[in-house]
Structure formats: structure tokens, C-alpha cells
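Here the structure is laid out as C-alpha cells; the discussion comes afterwards.
The values are calculated or read from the model by the stated rules, or taken from the named source; none is laboratory data. Everything numeric in this text was worked out from a predicted model, so none of it was measured. Using ideal geometry, Cβ is built from the backbone for each residue, glycine included, and neighbour counts are taken over all protein chains shown. Surface accessibility is based on the protein's heavy atoms, side chains included, excluding ligands, DNA and RNA. Shrake-Rupley method; radii C 1.70, N 1.55, O 1.52, S 1.80 Å.
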Amino acid sequence: MNENFDLQNYLIEGVEGVVSEALRATLKNPRESAFMLRFAAASRAASKKRRKAEDSGEHIPPFLIASITSRCNLHCAGCYSRCSSATVDSEPVEQLSDAEWLRIFDEADELGISFILLAGGEPMLRRDVIEAAGRKQNILFPIFTNGTFLDERYFTLFDKCRNLVPIMSIEGDRELTDSRRGEGIFDKLVAAMDEFRKRGLVFGASVTVTTQNCVEVCSDEFLGGLHERGCKAVIFVEYVPVTDDSRGLAPTDSEREFLRGRIARLREEHPEMVYISFPGDEKSSGGCVAAGRGFFHINSHGGAEPCPFSPYSDVNVRSASLREAMKSPLFTALRSGDMLLDDHAGGCVLYEKRGLVEALLAK
């Protein structure tokens, strides 16, 4: 596998690949083709902004992760977010408003951030924020969703705002998906995918890779089925153990090596799709890209955190700009030290070394 893999370039080239495919189907999807062309131009302009900032000694990451709500309707087995109390059943108070999120999106656009991943909880519960994101056509918003709140209003919104790309969570076949996410979830996801394809809308899939599904989610049968339903991107996320009881779900070294090799082959054989792996792509891109190296995380209450798996913050974007948040003492210390470059056993170096992160925060 290429040890100098550049995740940012791969994503931009992947978008251009989707553009080419969309152009071949212009008569069928003229709106998709038009958006993809505009976004390709916008992503190049954003790259120029980041390069200009770099020349001035300021690093701007191309990605941002925004957890726009803490609420979720599912109780997935081993969910890291529930284990850390970052996800709850009821709507918490004092979460960022849609106007506050729109300001953040505006700042990100000005800085040259091209991709904002909308997460939760379940982000589809914040229709107001997703509608605000739809107005920021220079930014691509992958929406990591469990797929249970898709309705006619959302399908209409996704048709109008092609910069909103649902990434639906699936764990493999029906048995694997329902055993982790709940009975009937697999069938809902498949029905949603078929509806997206029928309407000519782009979508992707997110897979949490565990010891229980590693072989299945890398199989030609599973991935071929996603492709046939119109899936354009598959994001593999290694399970992060957050309790002693869940450590057995984290992929082993041999399973990670199998996953890396499989993804490398998929990229060569199926360039029409985008395949991303975390943290595998981080390692081959030069270490963990959290804390502003490649992205950072904003939680539902505005706290700027290194990443969703490292929920520590010393600055809130309610009172600080994105530029100021990226220069926070915690982020600066993490980027200037060696911790992000360290190898580790789990799916997240900052979670594994959370004691050291807490010590930095206490300084």
C-alpha cells in the first residue's frame, strides 16, 4: 500500500471522479452534473486559500466535523458517544442554534474549508441546521445518519441542495446491522438507498469495522450490493473501544492489515467509488490528523475538540472564531508535540492517550 497516501488529494480527486461519471449521465442528472462542476471549482479555490495561509505560516485544515445535536433515537451496541455521555435521548438545552451553525459555516467558507462532516447524535433531527448547510454551496456536507428520519421533505431538500450528501451507517448484512443498530434498520437503509438511486441522488455508506464484521464489510458481495444501489463512497471507521467490555470489538492487527490491503485494491479496481479508512488513511498520511492538522471537531454546545473520540476542549466557538479555536493552547500543544504521530493499539491515538491529553488541558 502507498505509505505516502494523501487523504485530501484523494478526496478531491474522488469528487472529480464523481463529476466525470455525472457528466456521462448529464441527460439523466443535469442538476447533479452542474453542482459537481461548481463544487470542483470551489474546492480548487479553497485549496488556493489554504495554500496562501500556509505561505503566511498559518495552517487551515480542509475538513471540519460538526456534531450538530447530542440527541439520538437509536442505542447502537458499543456506541462510543453514548458511553462518553456525548449522546442522549432527549434534546439537551443550550445547543448551538441554526444561526450559530450558519455563522460557523460562513467562517469555514472564508477560511477555505471544503468539507464539513455533519454528525450527532442523529443529525437529521436538526433539519434547521441541515437546511442552513444547504445554502453553503461551496462546501460539501457529508451527513452521517442512521437513516431512520429520511422523508419526502429531506429527499426534496437533497434534490435541491446537492452539496448535502447523506452517509448512511450500515454494519454489513441484515443480521450484522440489526444486531448492532436494532431490528428493522437494515431494511430501512436498503429502502432509502433504493429511493436515492431512483431519484438520481448521491449518497454514501459508513461502516464501523469490528472483529465481528471485518470480513463481511470488505466482501465483493457487500460492497457490490452498495454499488448496485448507487452508493458513491464507503467510509470504513475502525471501532474505538471505550469500555473494557468493548475492547474485544476493536479490530486486531491482522484484521487492520487485511482492511488496508483490501481498500488499496478497491481503489485500484473501482475508481468510480471513493473509499476512505480511519485511522488507516491517517497513518499513511503522516499520523493522526486531529486537532487541526487535517480537521477538528465542534460539539453540539460549541466546544472545539481535537476529534469526536477525544472530547476535550479549552475554547468554545460561541465566543471565539474558528481561526482562534484552531490556535487554542490545547490544539497548539497537540500539534507541536509527538503524540499525534505515535502508533497505537486502538482506533484513536488521542483516546488511547487520553490521560496525556487531560494533563495538557490542565496546564
Can you give me the number of residues within the range 128-187 that are in contact with a strand residue (DSSP E or B) (Cβ under 7 Å, 6 or more places away or on another chain), assigned to a loop (DSSP other than H, G, I, E, B) and not aliphatic (A, V, I, L, M)?
4
Residue tally, condition out of contact with any strand residue (DSSP E or B) (no Cβ under 8 Å at 6 or more places or on another chain) and assigned to a helix (DSSP H, G or I), over the range 221-249
12
Going residue by residue through the range 134-143, is there one that turns out to be under 19 Å from the mean Cα position of the chain (by Cα), of a type in the set (S, T, N, Q), at pLDDT 95 or above and buried (at least 16 other Cβ atoms within 10 Å of the Cβ)?
no
Can you tell me which residues in the range 237-258 are closer than 27 Å to Leu117 by Cα and of a type in the set (Gly, Ala, Ser)?
Ser246, Ala250
Is it the case that some residue within the range 325-335 is modelled with pLDDT under 90, open to solvent by 30 Å² or more (accessible area, probe 1.4 Å) and not aliphatic (A, V, I, L, M)?
yes
Any residue at all in the range 225-234 that is farther than 26 Å from Leu350 by Cβ, modelled with pLDDT of 90 or more, surrounded by 19 or more Cβ atoms within 10 Å (Cβ to Cβ) and more than 19 Å from the chain's Cα centre (by Cα)?
no
Give me a count of the residues in the range 236-249 that are open to solvent by less than 20 Å² (accessible area, probe 1.4 Å) and either modelled with pLDDT of 90 or more or over 21 Å from Leu223 (Cα atoms) (or both).
4
For the range 37-56, the count of residues that are touching a residue at least 12 places away in the same chain (Cβ under 8 Å) and polar (S, T, N, Q) equals 2
Being part of a helix (DSSP H, G or I) and of a type in the set (D, E, K, R) is true for just one of Glu58, Glu100. Which residue is that?
Glu100
Filter result (among the β-branched types (Val, Ile, Thr) and open to solvent by 30 Å² or more (accessible area, probe 1.4 Å)) within the range 192-211:
Thr211
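Yes/no matrix, rows are residues, columns are (1) open to solvent by 50 Å² or more (accessible area, probe 1.4 Å); (2) not hydroxyl-bearing (Ser, Thr, Tyr):
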| residue | (1), (2) |
| --- | --- |
| Ser47 | no, no |
| Arg50 | no, yes |
| Val93 | yes, yes |
| Asp106 | yes, yes |
| Asp109 | no, yes |
Could you grab me the full set of residues in the range 197-213 that are free of Cβ contacts under 8 Å to residues at least 40 places away in the same chain and in a helix (DSSP H, G or I)?
Arg197, Lys198
Identify, from the list Ile113, Ile170, the residue that is of a type in the set (Val, Ile, Thr), crowded, with 22+ Cβ neighbours inside 10 Å and over 26 Å from Glu216 (Cβ atoms).
Ile113
The conditions are (1) modelled with pLDDT of 85 or more; (2) surrounded by 18 or more Cβ atoms within 10 Å (Cβ to Cβ), and Ser321 fails exactly one of them. Which is it?
(2)
